[in-house]
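Here is the structure we will look at, set down as C-alpha cells.
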Amino acid sequence: MQTNNQTDTGRSGGGAAYRVTKVARSLLSAYSQIYFSTRVVTGLLFVAATFVVPRHGAAGLSGMLLSNLWARLLGRPDDHIEDGYYGFNGLLVGLALGLYYRYSLQFALLLLVSTFLTVIIAAVMRSLSERYIGVPVLSLPFVWVTWIALLAARRFSAVELTIDTVLVSGWGGGYLPVIVELYVRSLGAAFFQLSVLSGGLVFLGLLWFSRWAVILSVIGFASGYATYAALGGTATDLTAEFVGFNFILTAIALGGVFIILRPESMLLAAAAASLSALLSAALLAFLQPFGLPVVAMPFIAATQLVLLTLLFRTSGGKLETNVTELDSPEKNLTRSLYRKRRYPDPSVPVVFVPVMGRWVVTQGPGGELTHKGLWSHAWDFEVHDEEGRTHRNAGNAREDYLAYRAPVLAPADGRVVRVVNHLDDNPIGEVDTKSNWGNLVIIWHFGDVFSTMCHLLKQSVTVKEGDLVTAGQPIAKVGNSGRSPVPHLHFHLQRSGEIGAPTTHSELLHYIEIGQKREDYITHGVPQKGQVISRMDVSDTARRAVTLAPGRSWRFRIREGNSERIETWLSEIDPVGNRKLRVDGCRIEASFFADNHYTTMLDFTGSRRSLLGLFYLGAPRVPYLESDKIPWSDTPAVSPFLPGPKRLIHEMALPFVEVGRLKTRSTMTRNAHTVTVSTRIARNAFFSNNGSVPDRIEVVFTVGEGPTSLRCFRGDLETLKAELVV
Amino acid sequence: MTKQAYEKPTIIKHTGGLANKFGRGISRRTLSRIDGIPVTSLIEEHGSPLFVFSEHRIRQRYREAYRAFSLRYPKVQFSWSYKTNYLDAICRIYHDEGSWAEVVSEMEYEMARRLGIPGDKILFNGPYKPKPALARALDEGAKVHLDHYEELYQAEQIAKEHGKKYPVSIRVNMDTGIHPRWDRFGFNYDNGEALDAALRLHTGGHLYLDGLHCHIGTFILEPDAYRQAASKLAALAKEVRNKTGMPISYIDVGGGFASRSTLHEQYAPGTDSSPPIDDYAEAVTSALLEAGFGADEMPTLMLETGRALIDDAGFMLTRVVGNKRLADGRRAMVIDAGVNVLFTSFWYRHDVLPVIDRGGMLEETVVYGPLCMNIDIVRPSVHLPPLEVDDALVIRPVGAYNVTQWMQFIRLRPKVVLIGTEGQVDLIREAETVDTIKHLEKTPPRLSARSADE
C-alpha cells in the first residue's frame, strides 16, 4: 500500500506540470506543424521568426489563440484542438492578415470573425476529408479564409494597411548569394515573413527538426525555381510574390512526410515541386484580377492531388504512403523499415497453424503440382517421421499414414459457413476428381477473410454451418477425401465463402520453424515447401510473467560501475489501445504491443543510456513459449543507440543503405515463477566497440510482477545491474 | 556353406503342428546384427551375457510416441519412468529428447537430481515418501503426487512448517473397464473420494491442486481404458474448477501402454496384438479435447510411458553353454543368462533368436538359465535350430525393467553397452565383481578371527 501511495502522489504531482507543458507543447506545435514538425525547439525558433516584427507576430499569435477559443466554444474534439489543427490554421490567417494590415482594434475584430470562419471551414473540411477522401486537409481552411477576409477588407476602410512588414524585408539581406537568399526568404515566406533574418530562423528550426527535410526543401526549391526560370517565368513572382515556399513545402510533404523517404520519393518530390511551380503561375494569373495572393494553394493542390493518386492504388509499389503517423522524414522511414521487417503487413490476413505437432509443407504457395494460378496461395501439410517417411508399414492403408485422423483446428476465430462431411476417403493412390476439395470446412473470419480446410476424414467434422468457432478449436480430422491420393491437409485463405473460390495471400502467425540443426520461433511468415513447422504452445507462466499491465509502475535501482541511480517506468495505454512504457519525469518512451501470444517493443525514443533503452534491446519481443529450447531473432531500431555523429550518418544514409545494424537472438528459460529472457546483441562494424550497446542483456520477469531485474554483460563481465525496488 | 551343427542322434515324433490361422509356418529367423554391429563382435569384446541398448531405437520410439500425442494435443509432456530403466546413460537420452523424470522413491529422486534435472521437472509418485524426501521435493518445486490422506496431512504439515503454499497433485484410481482394477494407488474417483481429497486439500489452505494423476494398470492392451481414465480425470478437474475456482495445470494419465512384447498368456505375438501408440494417443487426447476445457485452461497432458518406449531398444546377448534331452524327449539348452538378469521372463515370451542358423530341424526347445534353481526358465518352449556350445543368441525385447529388477543372485550382473546413433559402442555399466557385492559387508571381528585360525 505504502508504495502505491507514493507512486500515486508522485504521479499526480508530475501530472500538473505535465498538463502545463502539454498546453505549451500544443501551442508550439501549431507553429512547428507548418513544416510538419512537433519539436519544441523548432516551434520556438518559428515563433521567434514571426516576432521579428512584434506586431506581426502578435497578429499570428492572436489568430492562433482565437481559433483555439472558437474551437472550444464550438465543442470541437479535444484531440483535434490539442494536435494544433485549428491553431495552425488560425496562426496562418493571423500572419497573412497581419502582413497587410496594421494591428488595431478594427483589425482585432476582423481577426475575431476570420478565425471563427477558420474554425468552421476547418471543421467541415476535416470531417469531409476523413470520411470521404482520406487525404490530409493541410492548410486549406486558412487559404479560403485569407482570400475571403482580404476581399472583405477592401470594403472596410477602418482596417488600415501597414508597411512595417515590408520595411523589414531587407533585414539581414545582402550577405548571401542571391539564389541562397531567395531560398532562405522563401522558407520564411511560409510564415509571411519577408526578412532574411526570419528566413534564417525558420531554416534553423527546420534543421533542428530534420536534416532530410532541409535536403528536401533544397530539392523542392531548386526544382520549382528551375522550372519557373526555364519556362521564362516572371522574376518578380518569386522575389516579390514569394511563391517559392510552395515548392519547398510540396517537396518535404511528398518526399518524406506523407510518403516514406526513398530515392523514388525524392524524384517524386522534385516532380511535384515543379508541378507546384506550374500551379503557382496559373493561380497568379487567375487571381491577379482579384488582387489576391496565391498563398499556399499551389502546395496544397499539388500535395493533395499526388497523394490522392497514390492512395487510389491497390498495391504499394516503391512509393509508400503514410497518412496516419506523421513525423520527420527520417523517423517515418525508420518506422516503416522496422515495421515491415518485424511485423506483418496489416492488409495481409494472418492466421494460426491449423494443426498440432510437427508438419511438413509438402506443397507451398505457388507449388509445382496444384497450387497454381487462382489457387496458388495454399499449403499442403503432411507428417513425416525422422527418416522422412509419411507412413508406417507398407503405406497401403490410410491408417498407416501418420497424418491420418490428426485433429484439424480452427485457424482463427470465426463462423463456419460451409461444411462437407459425407464424402468417402479414397483408397491410397486414388483420387476423387468429381468432388475435388473433398470433405471440407470453410470458416468466415469476418470482413472478407475466409479459411478453407480440405480432404477431411469422412464424418469427422464436429462443427456445423453457423457455428461460432474460436482459434485452436478442433473442428475435424485429417482424411483422404477429394483430390487427395494420400492423407494430407490442404489449407488456404480466400476472399469469399464459396467452395473453390480463388485463394489469397496470407501469413501464418506464431509458429516454430524446425530445421535440421535448430528450431526458431517465427512471429509471422509464409512457410515454403519442405519446411517443417509446428504451432507455438503458449506457456501460462510466461504469459503471466511477461506483463506490463497498464497503470503499473516499476522503480529500478540501477548499479553501473560505482554509480547508482533510480529509474521509474510507467505503463500507459491510450483510448485506442496503443501502449507504452514511459520513464517518469522525462521523454523516454518505448511503445509496445502485447497479446495472448507475445509482447513486442515497437518504437523507442530517448536516451540510449536509459534502463528503458536497455530493456528495449534486451526484450525486443518475448513470445510466451512453452518450450524453453527455442530461440528467436529480431532487429531492433538502431538509431537511438548510436552516438550523435554516427546517428547522423546512419540517418542520412538510411534511404539508400543501412549503415549500422543490430541483430538480437534471444532465448528463454522458465521456472515456476520467473521467466528469464537472455538476448545476445550482434552489432556490425559501424558500432564502435566501446559504445553503450552491451553484448548480452538478461531480463527477468516474475509472475504477476512483470520485469523485476535487468543485467547487462560485456563478454562475461557484468556491466550493469538493475533490480526492482520493493 | 557353413557346416551343420552336430547333434546327438535322437528319435523325434514328427507332427504337422496344430492348424492355426497364421498358418503352419514357423520361420527360421536369425539376428546377427544390432544397429549394424555384429552380435559376435560385441560378445567377443564385452563377453556374455551382455545387455545391449540401441540409442537409435530409444530416440526413434520416443519421437514416434511424442509425435502421436503432439499431433493430437497442444501441450504434451513425457516424463521418463525411472523404475523402468534408471541407468544414467539411458535417462540422459530421454532427458535430451525433452522428457522430464518420473520417480517413485527418494532413491530415484536423488538419481534424477544427480543428472541435473531441476525439481520442477520431476514427478514424484509412489505410495511411500518419507517425510524428509517429501519436504525436499515440495521445496524444490517437484510435482508431488499424493497417494493417501496421511501423505496429504504430512504435506500440509511441511507447508505449515516452511510457511509456504505448495502445489501438489493427487493420484486417482477408478474403474476403466479393465481387469484387474487397480485401486491401490491414490483416491478413488467413482465413490467420490478423489473429489473429497481435492476439496480437503483446497480448504486446508496450505496446498493447492496443481494436477491429477492416475495409474490404471500395466501392459494395458485396450486403449479405450485410457479414454475413460482421461475423461474421468477431466471431469474431476472441471468439478474441482467449479467448486474451488482453481483450474488445474496438468492431467497425468500415467504409464502402462503395452510394448510389443508377448505375454505368456497371449496367443498372438505382441508385434501383432499390441495397439500402436497412435491408438492410445487418439483415445487419451480425444477424451481431453472433448472435455470442453476453456482455450486458456487446457491442462498439459503428462505421460509416464516407460515400457512402451524402451522395451524394443534393449537386447540380451547370451551364449549356449550346454544342450540336453529331457526325460520326455524334449530338447533343452542351458544359456549363460537366467532369470536373475531377465526378470521379465516371468511375464513375457521373449523372442529368442540365434545369431547363426546352420540348418537342421527346428525343434521345440526349453531354454534354461544358468542358475541352480528350478524356476530359471527363460523360455519354456521355443522353436530353435540345433545350436552348438558357444553359439550366440539374442533375447528381445528386454529394455524395460530388467536392468532395474535384476537380482544379484548366484551370479554377478553383466556389462551393459549402448550402441550410439553413429554406431559407436560404449560401456554404460561395468560388470559386477565379488567386491561390488562384498564391500558393503562387515564381518564381526570375533568371526573373522576364527576363520583365520583354520
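Tabulated results
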item: Looking only at the stretch A:449-460, and only at residues there that are in contact (Cβ under 8 Å) with a residue 40 or more places away in the chain and over 17 Å from A:Ala471 (Cα atoms), the one that is surrounded by the most Cβ atoms within 10 Å (Cβ to Cβ); result: A:Leu456
item: Residues being assigned to a helix (DSSP H, G or I), closer than 15 Å to A:Tyr31 by Cβ and touching a Phe, Trp or Tyr at 6+ places or on another chain (Cβ under 9 Å) - total across the stretch A:64-108; result: 14
item: Set A:Ala476, A:Ala545: member being outside the structural domain of A:His422 (by TED's automatic domain parsing), crowded, with 17+ Cβ neighbours inside 10 Å and touching a residue at least 24 places away in the same chain (Cβ under 8 Å); result: A:Ala545
item: Within the stretch B:76-148, strands (runs of 3 or more DSSP E) holding 2 or more residues that are under 27 Å from A:Arg358 (Cα atoms) and within 14 Å of chain A (Cβ to nearest Cβ); result: B:76-81
item: Given (1) more than 14 Å from every other protein chain (Cβ to nearest Cβ); (2) in contact (Cβ under 8 Å) with a residue 60 or more places away in the chain, number of the condition A:Ala672 does not satisfy; result: (1)
item: Search result, residues across the stretch A:352-397 that are on the phi > 0 side of the Ramachandran plot and at the interface with chain B (Cβ under 10 Å from one of its Cβ atoms); result: A:Gly357, A:Asn393
item: Boolean, B:Gly36 is out of contact with any Ser or Thr (no Cβ under 8 Å at 6 or more places or on another chain) and either surrounded by fewer than 23 Cβ atoms within 10 Å (Cβ to Cβ) or β-branched (Val, Ile, Thr) (or both); result: yes
item: Condition broken by A:Thr118, with the remaining ones in (1) touching a Gly at 6+ places or on another chain (Cβ under 6 Å); (2) of a type outside the set (Lys, Arg); (3) modelled with pLDDT under 90 satisfied; result: (3)
item: Residue match in the stretch A:251-259 (condition: within 26 Å of the chain's Cα centre (by Cα), touching a residue at least 12 places away in the same chain (Cβ under 8 Å) and surrounded by fewer than 24 Cβ atoms within 10 Å (Cβ to Cβ)); result: no
item: Residue match in the stretch A:662-680 (condition: among the hydroxyl-bearing types (Ser, Thr, Tyr), exposed (fewer than 14 other Cβ atoms within 10 Å of the Cβ) and farther than 23 Å from A:Leu548 by Cβ); result: no
item: Candidate set from the stretch B:260-274 (those that are buried (at least 17 other Cβ atoms within 10 Å of the Cβ) and in a loop (DSSP other than H, G, I, E, B)); member that is farthest from the other protein chains (Cβ to nearest Cβ); result: B:Gln266
item: Residue match in the stretch B:210-218 (condition: among the acidic types (Asp, Glu), in a helix (DSSP H, G or I) and either within 14 Å of chain A (Cβ to nearest Cβ) or in contact (Cβ under 8 Å) with a residue 60 or more places away in the chain (or both)); result: no
item: Scan of the stretch A:487-497 for residues that are modelled with pLDDT of 95 or more and either surrounded by fewer than 22 Cβ atoms within 10 Å (Cβ to Cβ) or assigned to a loop (DSSP other than H, G, I, E, B) (or both), ordered by number; result: A:Pro487, A:His488
item: Tabulated pairs, the stretch B:354-366, first on the phi > 0 side of the Ramachandran plot, second among the hydrophobic types (A, V, I, L, M, F, W, C) and part of a loop (DSSP other than H, G, I, E, B), C-beta under 7 angstrom, 6+ apart or interchain; result: B:Gly360/B:Ala5
item: Positions within the stretch A:350-368 being within 18 Å of B:Arg67 (Cα to Cα) and in a loop (DSSP other than H, G, I, E, B), in sequence order; result: A:Val353, A:Pro354, A:Met356, A:Gly357
item: Residue in the stretch A:613-625 that is within 14 Å of chain B (Cβ to nearest Cβ) and at negative phi present; result: yes
item: Which listed residue is of a type in the set (D, E, K, R) and part of a strand (DSSP E or B), from A:Arg565, A:Arg543, A:Arg483; result: A:Arg565
item: Verdict on A:Ser639 being touching a His at 6+ places or on another chain (Cβ under 6 Å) and in contact (Cβ under 8 Å) with a residue 40 or more places away in the chain; result: yes
item: Flag for B:Ala194 being within 27 Å of B:Gly141 (Cα to Cα), of a type in the set (A, V, I, L, M, F, W, C) and in a helix (DSSP H, G or I); result: yes
item: Of the criteria (1) away from every other protein chain (no Cβ under 14 Å); (2) within 30 Å of A:Leu409 (Cα to Cα); (3) in contact with a Lys or Arg (Cβ under 8 Å, 6 or more places away or on another chain); (4) part of a loop (DSSP other than H, G, I, E, B), which one A:Pro550 fails; result: (2)
item: Qualifying residue in the stretch A:242-265 (condition: under 20 Å from A:Ala285 (Cβ atoms) and part of a loop (DSSP other than H, G, I, E, B)); result: yes
item: Filter result for the condition that a residue is basic (Lys, Arg), more than 27 Å from the chain's Cα centre (by Cα) and within 14 Å of chain B (Cβ to nearest Cβ), over A:Arg543, A:Arg557, A:Arg535; result: A:Arg535
item: All positions within the stretch A:398-447 that are within 14 Å of chain B (Cβ to nearest Cβ), assigned to a loop (DSSP other than H, G, I, E, B) and aromatic (Phe, Trp, Tyr); result: A:Tyr404
item: Filter result for A:Ile512 (under 38 Å from the mean Cα position of the chain (by Cα), in a loop (DSSP other than H, G, I, E, B) and of a type in the set (A, V, I, L, M)); result: no
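Here is a yes/no grid of residues against (1) under 21 Å from A:Ile34 (Cα atoms); (2) among the hydroxyl-bearing types (Ser, Thr, Tyr); (3) under 18 Å from the mean Cα position of the chain (by Cα):
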| site | (1), (2), (3) |
| --- | --- |
| A:Glu241 | yes, no, no |
| A:Phe245 | yes, no, no |
| A:Ser265 | yes, yes, yes |
| A:Ala269 | yes, no, no |
| A:Ala285 | no, no, no |
| A:Pro298 | yes, no, no |
| A:Gln304 | yes, no, no |
| A:Leu333 | yes, no, yes |
| A:Lys340 | no, no, yes |
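The values are calculated or read from the model by the stated rules, or taken from the named source; none is laboratory data. All values reported here derive from a predicted model rather than from experimental measurement. So basically every Cβ, Gly included, is an ideal-geometry build from the backbone, and we count neighbours across all protein chains shown.
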